[in-house]
1. So which residues in segment 87-104 are under 20 Å from residue 50 (Cβ atoms) and either in contact with a Pro (Cβ under 7 Å, 6 or more places away or on another chain) or buried (at least 16 other Cβ atoms within 10 Å of the Cβ) (or both), if there are any at all?
2. Scan segment 31-53 and report the pairs whose first residue is in contact (Cβ under 8 Å) with a residue 60 or more places away in the chain and whose second residue is in a loop (DSSP other than H, G, I, E, B), with Cβ atoms within less than 6 Å and a gap of 6+ or a chain change.
3. Assuming residue 16 fulfils every condition listed in (1) over 23 Å from residue 137 (Cα atoms); (2) in contact with a Cys (Cβ under 8 Å, 6 or more places away or on another chain) apart from one, which condition is it?
4. In segment 131-142, which residues are surrounded by 17 or more Cβ atoms within 10 Å (Cβ to Cβ) and of a type in the set (A, V, I, L, M, F, W, C)?
5. Out of 55, 21, report the one residue that is in contact with a strand residue (DSSP E or B) (Cβ under 7 Å, 6 or more places away or on another chain) and on the phi < 0 side of the Ramachandran plot.
6. Can you find a residue that is more than 24 Å from residue 104 (Cβ to Cβ) and either surrounded by 12 or more Cβ atoms within 10 Å (Cβ to Cβ) or within 12 Å of the chain's Cα centre (by Cα) (or both) anywhere in segment 46-62?
7. Could you say which residue among 56, 77, 121, 139 is in contact with a Phe, Trp or Tyr (Cβ under 8 Å, 6 or more places away or on another chain) and small (Gly, Ala, Ser)?
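The values are calculated or read from the model by the stated rules, or taken from the named source; none is laboratory data. Everything numeric in this text was worked out from a predicted model, so none of it was measured. Positions of Cβ are backbone-derived with ideal geometry, glycine not excepted, and every protein chain shown enters the neighbour counts.
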Amino acid sequence: MIHIAKPTPLHFLPLTDATVDEFYDCLFASWVKLLGIRDFKVSPGAVSALLPQNDALKFSTGAVCGQAIMAAIDTVASLAMHTTERASKGTVYQHTHFLRPAVSDDFHVKSEVLRFGKASAFTETRVPFAATGELVAHASLECAF
């Protein structure tokens, strides 16, 4: 079977509050959408969203598994990379630190681009509990352009 990649829909760029939901639906895989990420807020070089608690994302201890949190981080960081006229070619590096168990609360996922370069861009993403603001995870990512 031959897979032909769909090009990034450039008419959404730069990404804004008005275009983020449609771009998200168009760009990401079905399983990413099952994470339930919602309430996107977009500004130049930054995107934030809510990752709600979901039993399907939890493992035996009752905490949301790190794979789900890392996928949410990558998703929101990728959206932040699309707040310019250029389309990102994807994540080439992600380093995530987990600071505490991800239990009992929804999460904010906040990504800010630190530098848009010629061939790559760098972002910092923080994942605090929605209610308390306590940091659950922190990540650094690099995306290719």
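1. Once the filter is applied, which keeps residues that are under 20 Å from residue 50 (Cβ atoms) and either in contact with a Pro (Cβ under 7 Å, 6 or more places away or on another chain) or buried (at least 16 other Cβ atoms within 10 Å of the Cβ) (or both), segment 87-104 yields 96, 98, 102.
2. That search, which allows pairs on different chains as well, returns 45/83; 49/37; 50/106; 51/37.
3. With respect to (1) over 23 Å from residue 137 (Cα atoms); (2) in contact with a Cys (Cβ under 8 Å, 6 or more places away or on another chain), residue 16 is out only on (2).
4. Answer for segment 131-142, where residues must be surrounded by 17 or more Cβ atoms within 10 Å (Cβ to Cβ) and of a type in the set (A, V, I, L, M, F, W, C): 136, 137, 139, 141.
5. Answer to the check: 21.
6. yes
7. 121
Residues checked against (1) aromatic (Phe, Trp, Tyr); (2) modelled with pLDDT under 95:
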| position | (1), (2) |
| --- | --- |
| 59 | yes, yes |
| 116 | yes, no |
| 121 | no, no |
| 124 | no, no |
